[in-house]
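What follows is a set of notes on a single structure, which appears directly below.
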Amino acid sequence: MARVFVITGPSGVGKGTLIRSLREQIPELELSVSATTRAPRPGEADGVDYHFLSDAEFQRQVDAGEFVEHATYSGRRYGTLRAELERRTAAGSPVVLEIEVQGARQVRAAMPEALQVFIAPPSLEALRARLVGRGTDDPRDVEARLRVAEEELTAQDEFAEVVVNDRLEDAVDALTRIVRAALDQAPRR
Ligand code: ADP
Ligand code: 5GP
């Protein structure tokens, strides 16, 4: 009965790229805007790409129980706001969360009905090339993300669905098929 979709996997594997294409295929799918304490990258807008929060504000919202899940990733905090998710599900929209593995585990515990898809790279070398090619993280950050990635890749067996993002079009097709099949089984009430 999945109307909430968790897309997880290492940084740079192509989650954001895949979700953009997925939403072109299935326009009713809405993306939950996460909160983070990291700085905006050039071109990122507050409230669109993330809700950019100070450490103090993030902690205040943790203490107030406003997060469905939250995690520290590469020294920064990230989390899914309950209000973001509930506003969309209450309106009947299927929702996608793009989150890292620790957060996906928390969602699995809190919302076992959510469908979780792990996006895997064809190889660690390909992942490195994508992180470097994206050009948004300095070399130290790329290395830190790759160290986390090695750990995250060992977790992929935990996930109901795994899609290898080798050829982008194939991965988009696979992900779209998975989400369509779940929505067909759990139509809007
Ligand atoms: P994530 O959201 O998982 O961090 P992105 O969607 O930002 O990853 O993708 C990281 C980089 O890899 C981007 O520059 C993107 O264009 C590129 N990319 C995504 N999918 C593929 C693919 N199948 N083959 C080659 N490059 C890809
Ligand atoms: P980035 O800094 O590249 O935008 O994101 C770093 C990592 O944090 C990515 O793996 C991304 O999926 C993850 N992330 C983004 N939003 C959230 C969130 O709300 N919760 C969790 N747990 N991870 C998130």
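The values are calculated or read from the model by the stated rules, or taken from the named source; none is laboratory data. What you see is a predicted model; the values in this text were computed from it and never measured. Cβ sites come from the backbone with ideal geometry, for glycine too, and all protein chains shown count toward neighbours. The area values use the complete protein model at the heavy-atom level, side chains included, leaving out ligands, DNA and RNA. Shrake-Rupley method; radii C 1.70, N 1.55, O 1.52, S 1.80 Å.
Would you be able to tell me the number of residues in region 104-125 that are touching a residue at least 24 places away in the same chain (Cβ under 8 Å) and among the acidic types (D, E)?
Number of matching residues: 1.
Inside region 72-189, counting only strands (runs of 3 or more DSSP E) that do not spill past its ends, which hold 2 or more residues that are within 13 Å of ligand 2 (Cβ to nearest atom) and over 26 Å from G43 (Cα atoms)?
Once the strands (runs of 3 or more DSSP E) in region 72-189 are filtered for at least 2 residues that are within 13 Å of ligand 2 (Cβ to nearest atom) and over 26 Å from G43 (Cα atoms), what remains is 115-120.
Looking at region 126-141, I want the residues that are open to solvent by less than 60 Å² (accessible area, probe 1.4 Å) and have a partner that is of a type in the set (A, V, I, L, M) and not in a helix (DSSP H, G or I) with Cβ atoms under 8 Å, at least 6 apart or on another chain. Which pairs are those?
These pairs meet every condition: L127/V13.
Can you pull out every residue in region 11-33 that is away from ligand 1 (no atom under 12 Å from the Cβ) and open to solvent by less than 40 Å² (accessible area, probe 1.4 Å)?
I26, L29, S32, V33
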